[in-house]
Structure formats: structure tokens, C-alpha cells
1. Under a 5 Å amide H to amide H cut-off, with H placed in plane at 1.01 Å, what residues pair with Asn123 once short-range neighbours are removed?
2. Using a Förster radius of 25 Å, what is the FRET efficiency between Lys58 and Glu272 based on their Cβ-Cβ separation? Nearest 0.05, please.
3. Taking Cα centroids, how far is the range 99-123 from the range 124-171 in Å?
4. Express in nm, to one decimal, how much length is gained between Ala282 and Lys84 on full extension, taking 0.36 nm for each residue of separation and deducting their alpha carbon distance.
5. Show me, for the range 122-137, the HN-Hα J-couplings you get by feeding each phi into the Karplus relation (A = 6.51, B = -1.76, C = 1.60, θ = phi - 60°), rounded to Hz, glycine and proline as x.
6. So what are the ³J(HN,Hα) numbers for the range 62-70, from phi and the Karplus equation (6.51, -1.76, 1.60; θ = phi - 60°), rounded to whole Hz, Gly and Pro as x?
7. Would you mind putting 95-103, 120-128, 139-147 in packing order, based on average other-beta-carbon counts within 10 Å, highest first?
8. Considering only Cα-Cα distances, which of the following residue pairs are longer than 22 Å: Lys214/Lys279; Lys83/Lys214; Lys83/Lys139?
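Derivation of every value follows stated rules applied to the coordinates shown; laboratory data play no part. The structure presented is a predicted model; accordingly, all values stated were derived computationally and were not measured. Ideal geometry is used to build each Cβ from the backbone, glycine not excepted, and the neighbour counts take in all protein chains shown.
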Amino acid sequence: MCFLCDLKSPAPAGSPERPEHVWSARRAFVLAGAASAAAASLPAAAQVEVGQSSSLRKLVPAAELEGAAQQQYGQMMAEARKKKALAPDSDPQLQRLRRMANRLIPHTAPWNSRARGWQWEVNLIASDEVNAFCMPGGKIAFYTGILDKLKLDDDEAAMIMGHEMAHALREHARERLAKTQATGAGLSILSSLLGLGQLGDVAANLGTQLLSLKFSREDETEADLVGLELAARSAYKPQASVSLWEKMTAQNGKGGPAFLSTHPSGPNRIRELQANVPKVQALYEAARKG
Ligand SMILES: [Zn+2]
């Protein structure tokens, strides 16, 4: 899938001092109720066309899920650090990714009002894996494999980051988990969310589920289009969405990278992006001048 992760802290991306996050399930649970009114939205000014989010997703409180993601992300980054695979703040590739995020983030809130309060974080993990993800709450990670093997330029890498951010903004993980629970597989988790169980377990369960989540084809199309618009508004070339997926297609058959198993590339995906490039071209031109 597009993966997920979590971050630590109240410090902004790029900050050298990120205090270790301390997970508090009970606090997150209380916040969940208070924040339930905020949600994914369709901005009036949106140029790409995507549908309304499913109201089913409200079965999983957004704050609870973001807290679980933060915990999971923190664990993943700690493990990477232990293996000396976590890029330091001084790493030029990581700095490049953080500059990208800083351009994209100001355009996220119209897609989800909760994003204003997210503590976005961007990390780079040394791994051959062709993968990247953004967990609920804005926790982003790229693997060096996706940058190196695909030889991505800034415009193309920004398309991936925008795509991953879009999954988080459109709350695709929340919706998938809610649907799982609605079919019975996660009823124990749901009951816990309602205050009937052990909240610490809930966070761990949600975090684990995030790692094995698969998005639907519709989710992927939405993420492509919303990501394309975010990137265009941030002055990244819309046509790069097409060249990116052409590069992905060329990777097919070369060992089946993880990203491709959850992101089928092919003529349909490329055609859809190509058809949407003209819709955001004016946004890109305006952003470049600005
Ligand atoms: Zn995706």
C-alpha cells in the first residue's frame, strides 16, 4: 500500500530536536469525541473530481487512529535508527524531501480540516524497497529505493508525496478499518473504542492493522488525483505524474517492488492522470509565478 507511519512529537519536520512521543491512549480517546466533527472535505476550489468520503469511517475515531499511527511510526523509525538505516537530518536526500513537504503542506487543509493540527513528519529510510507512505496524522516516510531505482526528479518525487498525503487527507485508512470492523472482523476493537475494553491494546491493534492495510482501486485513483492537485498548487509540474507512472511501469517485472504490488501501474492509471493534467495546469502556472 501506501504505508503508514507515525511520528514523535510536537516539533516540526526538519527540527533537530524531536522529543520522544509518549503515547496516551486515554487522552486520545477523550480527544476523539471532541474532534469528531472535523473531517475530510471536498474543497470548493478543487479542480480534480473525487467523491464524498464514506460516513462509515466515523466508526473509527480520527484522533484515536492518528494516535495509533503515531505510535506505530515512532516504533518503525526507532527500529530503523537502531539498524543505522534512518537518514540523519543533515542527509541531502532527506532535506530535499522535507523541502518538498514544506511546499505541499500549506495546501492540505482544504482537503481535511484536521490537517491544520497535524504534526507532519518526514523521514528517509535506507532500504532497497521501492516504497513510501504517509500514515494518518501526516507521518511520512520514503525508502531510498524509490528515489534511487526510479531516479525520480523533484517533480516526480513530489507526485509520490502528494499521493501519499492524499491517502491520509482523504482518510482512506480510517475508512478501510471501519469497513473491516463493520463486517465483524474488528468488533472487539470497535467495542474497545467505545470504552468497553483496554485502550492500550486498541492503539497497538490499530497500529498493527495499519501496516497490513490495502487500499482499494478507488482510493488509489483518488490519491492520484488529489496528489496531482496538491503538487500543482505547490508548483510541481503536473506532467510529472505521467512520467512517474511510466517509470513505475518500467519497474514491473523487475522483482515486483512492494509499492507496485499495491499500486498497479498500467495504461489505465496513466491515461487517467494524463486526462487530469490539463485540469490542474493553470494552478501550476499560477503557483510558478507566485
Ligand atoms: Zn496509494
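1. Placed amide hydrogens put Ile140, Ala141, Phe142 under 5 Å from Asn123.
2. 0.30
3. Each part reduced to its Cα centre gives a spacing of 14 Å.
4. Once the chain is fully extended between Ala282 and Lys84, it gains 67.0 nm.
5. Per residue, the Karplus-derived 3J(HN,Hα) values read 10, 10, 10, 10, 6, 6, 6, 4, 8, 7, 6, 7, 9, 7, x, x Hz.
6. Calculated HN-Hα couplings, in order: 4, 5, 5, 5, 4, x, 5, 5, 4 Hz.
7. 139-147, 120-128, 95-103
8. Lys214/Lys279; Lys83/Lys214
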